[in-house]
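Notes follow once the structure below has been shown.
The values are calculated or read from the model by the stated rules, or taken from the named source; none is laboratory data. These figures come from a predicted structure and were not determined experimentally. Cβ sites come from the backbone with ideal geometry, for glycine too, and all protein chains shown count toward neighbours. Calculation scope for accessible area: heavy atoms of the full protein, side chains included, ligands and nucleic acids excluded. Shrake-Rupley method; radii C 1.70, N 1.55, O 1.52, S 1.80 Å.
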Amino acid sequence: MKQFLVFVRKEFYHVLRDKKTLLILFGMPVVQILLFGFALTNEVKDSPIIVVDYARDVASQSIITRLGASQYFKLKRNVLSQKEIIESFRDGKIKAAVVFPDHFNEDLEHMNKAQVQIIADASDPNTATLVTNYVSAIVRDYQSDRTELMAVPYQIIPEVRMLYNPQLLGAPNFVPGVMALVLMLVCVMMTAISIVKEKEMGTMEVLLVSPFQPFLVILSKAIPYIALSLVNLGAILSLSAFLLELPVKGSLLLLIGESTLFIICCLSLGILISIKAKSQQVAMMISLVGMFLPTVLFSGYMFPIENMPLPLQIISNVVPSKWYYIIVKSVMIKGVGFMYIWKETLILIGITTVFLWVSLKSFKIRLE
């Protein structure tokens, strides 16, 4: 028994001295609790909406006040034209618009019923459904309170309109997310593994001491994966168009160009991982775990980013798949042009430039 206790104590010493083991034992559960507790939620909080108040009367202002006081919504500016509503949806600045018609309060008082229109961005059907349900619930609460005060059976009828995806199909949300996930994993993992494989076999040193410039060696290994990733992109778009009946509404050339930029960004990240990793197993683990979770959690594909705490929202800004997902949804689902996605494109170019610069810097230091 004494020997057994000695071995147990020895194992405790081994565990407590190993910082990596302690990090896995205590750090990973804490990180997972924080992520699963704050990031993985489908609730709607602080969703940006606009109010179009043609009535400007007591009833409409009362409902607007309730919408503004709710934790679910963040009220944007009050617009007055249908064109401004469509522009706001195309820019991706809002999740919904609430429209009050003329004589809203007069209709309630004289006819005991009125209509309010709720327009939602259904390119993300789950969020659109939640937003419209929350707005309808606030309207019903106002209707109930007014009926109790006035002792008259008032009726406010919400008229719901879903933009871009009136049937609330899953494909418009599923396909852009899959494109971001597949391209990220394939490009990063295959590039990282191929270069590390050369290092393990000893052929990378032979290539680097050859008259061929080291930068061109890395570039020559990246170009085939650009071509293969574009083939992957073509297969995904073909399946979405012919099998899922989800064609590209915007410019196909623009979508291919933006996808090429995203592929280059992923390849540069794969090169950086290959420079730091010492084996194929390490490169594969970093590529899978390090790329899969950020893409799923912080791209907005599965969980709304605006629902997350501010620190996690800031972290999401450095995840390339977030901006690519926004671009694909805008071009493919909404059918908008470059003027609506130029900000996301510039951010993606900036992230790509940083990854390329760090990769080349690390590669140069390794050569020295």
Averaging sequence separations of C-alpha pairs under 8 Å and six or more residues apart, then dividing by the length of region 87-166, give the relative contact order as a whole percent. 36
The answer for VAL160, listing residues at least 5 apart or on another chain whose modeled amide H is closer than 5 Å to its amide H, is ILE118
If you place +1 on the Cβ of every Lys and Arg, -1 on the Cβ of every Asp and Glu, and leave all else neutral, what size is the dipole of region 45-163 about its Cα centre, to the nearest 20 Debye? 400
Give the ranking of SER274, SER279 by solvent-accessible surface, highest area first, calculated with a 1.4 Å probe. SER279, SER274
Just to verify a number: what accessible area does ASP91 come out at with the full protein assembly present, 1.4 Å probe, Å² rounded to tens? 60
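Which links in LYS95/LYS221; LYS74/LYS329; LYS249/LYS322; LYS221/LYS322; LYS113/LYS249 stretch past 31 Å when you go from one Cα to the other? Could the numbers behind the result be given before it?
Numbers: LYS95/LYS221 42 Å; LYS74/LYS329 22 Å; LYS249/LYS322 20 Å; LYS221/LYS322 26 Å; LYS113/LYS249 39 Å.
Over 31 Å Cα-Cα: LYS95/LYS221; LYS113/LYS249.
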Would you please give the FRET efficiency between SER220 and LEU243, computed as 1/(1 + (r/R0)^6) with r the Cβ-Cβ distance and R0 = 45 Å, to the nearest 0.05? 0.80
The summed charge of the SER240 Cβ neighbourhood (under 14 Å; Lys/Arg +1, Asp/Glu -1) stands at +1
Share of carbon and sulfur in the accessible heavy-atom surface of region 45-163 [1.4 Å probe, %]: 49
